[in-house]
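Before any comments, here is the structure.
The values are calculated or read from the model by the stated rules, or taken from the named source; none is laboratory data. Quick caveat: nothing in here was measured; it's all calculated off a predicted structure. Cβ placement follows ideal geometry from the backbone for every residue including glycine, while neighbour counts extend to all protein chains displayed.
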Amino acid sequence: MSLIIQNISKHISLTQEEECLFLSKTQILNYKAKTIVLHSGEICKHSYFVNHGLLRSFNINDNIVEHVLHFACEGWWIGDMYSLISQKPGNLFIEVLEDAEVVLLSKENQEILYQEIPKLERFFRILTEKSLVSNQERLMDNLSLSAEERFEKFCKKYPTLIQKVPQKQIASYIGVTPEFFSTMKSKMLRK
């Protein structure tokens with residue numbers, strides 16, 4: 001069973017025919033590290049599911065500072081949700097951090113699948129709800145936790161990413177400068 005079907009089957013059951021139909025509406029692409037699969041200002045036309053590799057979404061503010069919003073490793077979904085849902089130009093970049101095999105599901109095919117396999121709407125609703133909860137939790141953490149506490153929470157929640165993701169991107173994700181992150185991490189290691 002493919003990884004994406006395993007991911008779906010955590011929440012809903014598909015018949016073999018439905019699995020085949022779902023897979024027929026997807027496209028598998030391989031990307032090299034440092035490839036930008038979505039640029040800010042473009043309309044996001046796909047959801048991306050990572051079979052293997054690592055991706056991140058980020059934006060760049062007016063001061064040319066990157067802000068990392070999400071990481072996606074094997075078995076995770078990523079996309080610019082605002083742009084995908086509204087079909088308006090988004091403000092996120094999606095970059096491949098390490099060579100990746102990615103399953104693309106177009107917005108158009110997703111809508112077709114909702115008609116053909118209505119229970120897929122439930123699956124994507126569950127994903128959206130989990131994403132909303134995660135984003136709210138992250139916002140509350142940024143408002144109420146110290147940088148050290150945010151980093152500790154990141155380490156507990158995403159232990160496999162610590163060795164894969166550059167420190168400056170972890171710093172961006174937890175909302176601190178790379179310099180502050182380096183100093184903070186040194187102090188934490190001395191404890």
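Identify all residues within segment 72-111 that are of a type in the set (S, T, N, Q) and over 19 Å from I28 (Cβ atoms); write none if there are none. Don't jump to the end; show me each part of the working.
Here is the first cut: in segment 72-111, the ones of a type in the set (S, T, N, Q) are 83, 86-87, 91, 106, 109-110.
The answer is S83, S86, Q87, N91.
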Of all residues in segment 16-45, which are polar (S, T, N, Q), under 22 Å from C73 (Cβ atoms) and part of a loop (DSSP other than H, G, I, E, B)?
T35
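Report whether or not C44 is under 29 Å from V176 (Cβ atoms) and modelled with pLDDT under 95. Talk me through it step by step, then tell me what you get.
Values: under 29 Å from V176 (Cβ atoms): yes; modelled with pLDDT under 95: no.
The answer is no for C44.
Taking A72 as the residue in question, decide whether it is under 18 Å from the mean Cα position of the chain (by Cα), within 22 Å of A171 (Cα to Cα) and free of Cβ contacts under 8 Å to residues at least 40 places away in the same chain. Break it down stepwise before answering.
Details: under 18 Å from the mean Cα position of the chain (by Cα): yes; within 22 Å of A171 (Cα to Cα): yes; free of Cβ contacts under 8 Å to residues at least 40 places away in the same chain: yes.
Yes; evaluated as a whole, the condition is true for this residue.
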Name, by its number, the condition in (1) in contact with a helix residue (DSSP H, G or I) (Cβ under 7 Å, 6 or more places away or on another chain); (2) under 25 Å from G175 (Cα atoms) that does not hold for G79.
(1)
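Is one or more of the residues making up segment 77-87 surrounded by fewer than 17 Cβ atoms within 10 Å (Cβ to Cβ) and touching a residue at least 40 places away in the same chain (Cβ under 8 Å)?
Checking segment 77-87: at least one residue is surrounded by fewer than 17 Cβ atoms within 10 Å (Cβ to Cβ) and touching a residue at least 40 places away in the same chain (Cβ under 8 Å).
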Mind checking which residues of segment 11-60 are surrounded by 14 or more Cβ atoms within 10 Å (Cβ to Cβ), farther than 20 Å from F93 by Cα and β-branched (V, I, T)?
I12, T26
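How many of the residues in segment 139-169 are of a type in the set (A, V, I, L, M), touching a residue at least 24 places away in the same chain (Cβ under 8 Å) and either over 19 Å from I94 (Cα atoms) or assigned to a helix (DSSP H, G or I) (or both)? Full working, then the answer.
As a first pass, look at segment 139-169 and keep what is of a type in the set (A, V, I, L, M): 139-140, 143, 145, 147, 161-162, 165.
Among the residues that remain, those that are also touching a residue at least 24 places away in the same chain (Cβ under 8 Å) are: 147, 161, 165.
Narrowing the set further to residues that are either over 19 Å from I94 (Cα atoms) or assigned to a helix (DSSP H, G or I) (or both) leaves 147.
Residues meeting the conditions: 1.
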Given the structure, is L97 part of a strand (DSSP E or B) and either in contact (Cβ under 8 Å) with a residue 40 or more places away in the chain or buried (at least 16 other Cβ atoms within 10 Å of the Cβ) (or both)?
yes
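Which ones in segment 59-81 are under 22 Å from F151 (Cα atoms), in a loop (DSSP other than H, G, I, E, B) and among the hydrophobic types (A, V, I, L, M, F, W, C)? First the steps, then the outcome.
Of segment 59-81, the ones under 22 Å from F151 (Cα atoms) are 59-60, 65-74, 76, 78.
Still in the running and in a loop (DSSP other than H, G, I, E, B): 65, 74, 76.
Those that are under 22 Å from F151 (Cα atoms), in a loop (DSSP other than H, G, I, E, B) and among the hydrophobic types (A, V, I, L, M, F, W, C): V65, W76.
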Apart from one, (1) within 18 Å of the chain's Cα centre (by Cα); (2) closer than 16 Å to I170 by Cα all hold for R125; the odd one out is (2)
